[in-house]
Amino acid sequence: MCFVCGWENPIGLNVTFYTDDGRVRARFTPDERHQGFPGLVHGGILFALLDEVISRAAYLMGDWVLTGRVEVRYARPARVGEPLDLEGWIERAAGRGYLLAGRLTNSAGETVVEGRGVYVKLPAEFRRRLAGRSGALGRPDRTPGPPEA
């Protein structure tokens with residue numbers, strides 16, 4: 001039921017993530033339901049996508065994380081109907097978590113939004129409780145590589 005990646009969420013974004021070259025990636029095409037100003041994607045939707053792809057980078061190390069603190073820079077507007085490429089990566093392990101980063105780019109390869117932040121490892125007890133729930137802790141990547149164009 002995750003808003004960004006949950007396939008059973010009827011109002012979710014239904015994004016499929018994959019790993020490639022040590023990074024987590026995805027592609028998402030926003031539609032009119034995702035706009036703020038007419039024709040432009042709402043900044044909250046952009047942040048939800050960014051936060052999800054950034055946090056999934058920790059899965060590359062086998063960890064689940066919670067967002068601790070994120071610094072975000074909105075570089076340019078994203079247009080409704082224009083595909084966005086999402087990318088997240090690990091900058092370094094940081095105590096109880098990670099310093100992670102990511103960006104969303106438009107079809108011209110221009111950065112739309114980028115961010116980096118501290119993400120804290122999910123406490124073991126919470127992870128154990130979730131593990132018993134169907135679909136609660138799935139794999140970070142649903143496909144082994146980029147989706148077919």
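The values are calculated or read from the model by the stated rules, or taken from the named source; none is laboratory data. Values in this document were obtained by computation on a predicted structure and should not be read as measured data. Every residue, glycine among them, receives a Cβ derived from its backbone with ideal geometry; neighbour counts consider all protein chains shown.
Out of all the residues in the range 27-47, is one or more within 19 Å of Gly117 (Cβ to Cβ), in contact (Cβ under 8 Å) with a residue 40 or more places away in the chain and either of a type in the set (Phe, Trp, Tyr) or assigned to a loop (DSSP other than H, G, I, E, B) (or both)?
The answer is yes; a qualifying residue exists.
Given the criterion within 25 Å of Ala124 (Cα to Cα), among the aromatic types (Phe, Trp, Tyr) and either modelled with pLDDT under 95 or touching a helix residue (DSSP H, G or I) at 6+ places or on another chain (Cβ under 9 Å) (or both), identify the matching residue among Tyr74, Tyr59.
Tyr59
I'm told Leu99 meets every condition in (1) assigned to a strand (DSSP E or B); (2) surrounded by 12 or more Cβ atoms within 10 Å (Cβ to Cβ); (3) touching a residue at least 24 places away in the same chain (Cβ under 8 Å) except one. Can you identify the failing condition by its number?
(3)
Going through the range 48-65 one residue at a time, which ones are surrounded by fewer than 14 Cβ atoms within 10 Å (Cβ to Cβ) and not in a helix (DSSP H, G or I)?
Gly62
Residues of the range 1-33 being farther than 21 Å from Ala58 by Cα and surrounded by 20 or more Cβ atoms within 10 Å (Cβ to Cβ), which ones?
Of everything in the range 1-33, just one residue is farther than 21 Å from Ala58 by Cα and surrounded by 20 or more Cβ atoms within 10 Å (Cβ to Cβ), namely Pro30.
Quick one: what pairs do we get from the range 109-126, first residue outside any strand (DSSP E or B), second crowded, with 17+ Cβ neighbours inside 10 Å, C-beta under 8 Å, 6+ apart or different chains?
Sorted first by the residue in the range 109-126, then by its partner, the pairs are Leu122/Asp63; Leu122/Trp64; Leu122/Val65.
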